[in-house]
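The values are calculated or read from the model by the stated rules, or taken from the named source; none is laboratory data. Just so it is clear, the model here is predicted, and its values are computed rather than measured. Neighbour counts are summed over all protein chains in view; Cβ atoms, including those assigned to glycine, are modelled from backbone coordinates with ideal geometry.
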Amino acid sequence: MSATRNTAQRREVIRALERVQGFVSAQDLHGHIVRDGGDVALATVYSQLKKLSDARQVDVVMTDRGEALYRRCVDDTHHHHLACRTCGATVEVDAPELESWSQDIAVRFGYDEVRHVLELNGICPACRPR
């Protein structure tokens, strides 16, 4: 199945992503689909999320436990996230200095089509101990 094919399962995963607020695990997303009467296997949810991620149609962040969390892309340009390790709140971050640095490194070593992933996480103001 091609990454661009718009299957019923893909549409169901996308609809579920559009209904949830913030980032969600594949298992939690599957739970939402099932509770809403959908019939998509958990393995299919994982597969579709991978394809949507590869197509840059969903954002992905990793928790401290190594679990991937997904969210329908709000911004279709390249961006990064600052995520709270406690509650999962996420802010999209524009980092032109990082983009410039990554291109400088690519040029220095003769690389083309360089991509990168930067994950920033901390404790948000709402979760920070007072």
Pull up the range 38-54, narrow it to residues that are modelled with pLDDT under 90 and assigned to a helix (DSSP H, G or I), then point me to the one that is farthest from Arg11 (Cα to Cα). Asp54
Lone qualifier among Val93, Val61 - being in the same structural domain as Asn121 (by TED's automatic domain parsing) and under 30 Å from Pro129 (Cα atoms): Val93
Sort out which residues of the range 15-31 are assigned to a helix (DSSP H, G or I) and over 13 Å from Leu49 (Cβ atoms), and write them in order of number. Arg15, Glu18, Arg19, Gly31
If you go through the range 63-85 one residue at a time, do you hit one that is assigned to a helix (DSSP H, G or I), surrounded by 13 or more Cβ atoms within 10 Å (Cβ to Cβ) and aliphatic (A, V, I, L, M)? no
Please enumerate the residues belonging to the range 96-130 that are surrounded by 11 or more Cβ atoms within 10 Å (Cβ to Cβ), in contact with a helix residue (DSSP H, G or I) (Cβ under 9 Å, 6 or more places away or on another chain) and under 22 Å from Tyr70 (Cα atoms). His116, Leu118
Could you count how many residues in the range 86-104 are touching a residue at least 40 places away in the same chain (Cβ under 8 Å) and in a strand (DSSP E or B)? 1
